[in-house]
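**Q** The structure that follows is given in the form of structure tokens.
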Amino acid sequence: MSILPPPTINEIVSIQASELALIETQGLDRNPAAVYLASLSESGRRTMRQALDVIAGILTGNADCLACNWAGLRFQHTTVVRTRLVESYAPATARKMLCALRGALKAAWRLGLVPAEEYHRARDLEKVNGETLPAGRELQAGEISGLMGVCEDDPTPAGARDAALIALLYSCGLRREESVSLDLENYDPDSGLLEVLHAKRGKQRTAYLVNGAARAMADWLALRGDELGPLFWPINKGGKLANRRMSTQAVYNMLAKRGCEAGVKNFSPHDFRRTFVSDLLEAGADISVVARMAGHASVTTTARYDRRPEEAKRRAATLLHVPYRGRLF
């Protein structure tokens, strides 16, 4: 009697692959992926849509999450997805993508498209273990000074606006989405109080602009005026201000431009947030206070932004001496 080999991952998926592809277009109000994505913020929606598209491609061969029958997923399918993600992505990325998968499954259950028992089985996946090197980097004091310097040397309104925006990103640890969503009424020049709407959870927190950051903001507001509307406005090449909201891409482009002018090596807007956390902790601020200032729900999240452990490793490495004097030519 011959023993059949165990099925491969591809065979397990292909058994019901045809059932996982939607034959008819499903209304968005009944589509689990669409309903789940609609519950997220703009930035979260973009990230999780990409994750669901990848998972849909694994399941059906069509990388379109809106064309995948999420209600048809069972434990064998989600197990395969987990395996593929662990093989192809870093642990943190795989965990994020599985979070998107669970979100679509939960939406399918809440819409009454899948029985509760099948839903719980499908989402009952093993934890993805493993750590990766922290993303991004910490900006040095000289780099931030360089960025502010090129803005100060720019006599156009863009120079004042960009200086205020960079000061705010660093001194308040704001996300790009949070910085462009600010309105003039969210800032009190007398006290320096800034009301920030959490970009991910819709919760409000407060921040304060002091010393150089407050002066940079005052210079920008002197040009902007007191007209109600967004705190930061787009400025065209002719230096004309327009009372409308800047896009997150505009902030990204501005920082890339100023970084090039200042000779600062590649950095992301979120690196200001990482630097904000690290510098506050290095200065002796309590981590629970820093977590509230950053809008983190847990100090564990704040700790992941802290770059001091890497500096401690570098200092520790200098304690060892390698007795190499160099080649004699």
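We did not get these values from a lab; they are worked out from the coordinates using the rules stated. Remember, it's a predicted structure, so these values are computed and weren't measured experimentally. As a convention, Cβ positions derive from the backbone with ideal geometry for all residues, glycine included, and neighbour counts pool all protein chains shown.
**Q** Could you work out Rg/(2.2 N^0.38 Å) for region 88-169, with Rg from alpha carbons only?
**A** Ratio of Cα Rg to 2.2 N^0.38 Å: 1.96.
**Q** Would you please state the base-10 log of I(q)/I(0) at q = 0.14, 0.15, 0.22 1/Å for region 9-123, with intensities from the Debye formula using one equal scatterer on every alpha carbon?
**A** Relative scattering, expressed as log10 I(q)/I(0), comes to -0.49, -0.57, -1.32.
**Q** How about region 210-264: which trypsin sites (Lys or Arg not before Pro) there lie in a loop by DSSP and see at most 12 other Cβ atoms within 10 Å? Could the numbers behind the result be given before it?
**A** On the way: sites: Arg215, Arg224, Lys237, Lys240, Arg244, Arg245, Lys257, Arg258; in loops: Lys237, Lys240, Arg244, Arg245.
Qualifying residues, ordered by number: Lys237, Lys240, Arg244.
**Q** Right, here's the next one. Can you give the extra length, in nm with one decimal, that the chain gains between Ala218 and Lys313 once fully stretched, where that is 0.36 nm per residue apart less the Cα-Cα distance?
**A** Residue separation times 0.36 nm, minus the Cα-Cα distance, leaves 30.2 nm.
**Q** Taking Cα pairs under 8 Å and at least six residues apart, what relative contact order does the chain come out at, in percent?
**A** Across the chain, relative contact order equals 14 percent.
**Q** Regarding region 200-329, what is the average projected area of its C-alpha convex hull, in nm²? Working shown, then result.
**A** Numbers: hull surface 55.7 nm².
Here the figure is 13.9 nm², rounded to one decimal.
**Q** Between Glu282 and Leu241, what's the calculated FRET efficiency when r is the beta-carbon distance and R0 is 30 Å? Round to 0.05.
**A** Result of the calculation: an efficiency of 0.20.
**Q** Which residue, Ala33, Leu73, Thr301, has the largest displacement toward the positive end of the dipole of the chain when charges sit on each Cβ (Lys, Arg +1; Asp, Glu -1)?
**A** Leu73
**Q** Once you have the alpha carbon radius of gyration of region 231-291, what is it after dividing by 2.2 N^0.38 Å, with N set to its residue count?
**A** Output field value: 1.49.
**Q** Here's a follow-up. Filter the GluC sites (Glu not before Pro) in region 110-206 down to the DSSP loop ones having no more than 10 other Cβ atoms within 10 Å, then list what survives.
**A** Those that pass, being in a loop and sparsely packed, are Glu126, Glu131.
**Q** A follow-up question, please. Among Asp279, Asp226, Asp306, which one shows the highest mean-square fluctuation when the chain is modelled as a Gaussian network with alpha-carbon springs under 10 Å?
**A** Of Asp279, Asp226, Asp306, the most mobile in the Gaussian network model is Asp226.
**Q** Starting from the Cα of Asp226, step 7 Å along the direction of its Cβ; do the same at Ser268; then give the gap between the two resulting points in nm.
**A** Rounded to a tenth, the inter-label distance reads 4.1 nm.
**Q** Please give the Cα centre distance for region 144-189 versus region 78-115, rounded to the nearest Å.
**A** First find each Cα centre; the distance between them is then 38 Å.
**Q** Region 91-153: which trypsin sites (Lys or Arg not before Pro) are DSSP loop and have at most 10 other beta-carbon atoms within 10 angstrom?
**A** Details: sites: Arg95, Lys96, Arg102, Lys106, Arg110, Arg121, Arg123, Lys127, Arg137; in loops: Lys127, Arg137.
Those satisfying the criteria are Lys127.
**Q** Once the Cα atoms of the chain are picked out, what are the Rg and Dmax in Å?
**A** Cα only, the chain: 24.8, 87 Å (Rg, Dmax).
**Q** Further question: Straight distance only, please: which lysines reach the Cα of Lys237 with their own Cα at less than 23 Å, same-chain residues fewer than 8 apart left out?
**A** Hits, sequence-local ones excluded: Lys257.
**Q** P(r) for region 134-251, please, calculated from all Cα pair distances in 5 Å bins and given in %.
**A** It works out to 2, 11, 22, 26, 22, 12, 5, 1, 0, in whole percents.
**Q** Excluding residues fewer than 8 places away in the same chain, name every one of the aspartates and glutamates whose C-alpha is closer than 19 Å to that of Lys96.
**A** Glu42, Asp53, Asp64, Glu87, Asp124, Glu126, Glu131
**Q** Taking R0 as 30 Å, what's the FRET efficiency between Leu125 and Asn211 from their Cβ-Cβ distance, rounded to 0.05?
**A** Using R0 = 30 Å, I get an efficiency of 0.05.
**Q** Another one. Rounded to the nearest 0.05, what FRET efficiency do Asp183 and Thr47 give with R0 = 35 Å and r taken as the Cβ-Cβ distance? Could you check?
**A** E(calc), rounded to 0.05, equals 0.85.
**Q** A follow-up question, please. Return the whole-Å distance between the Cα centroid of region 228-260 and the Cα centroid of region 268-329.
**A** Cα centroid of region 228-260 versus Cα centroid of region 268-329: 31 Å apart.
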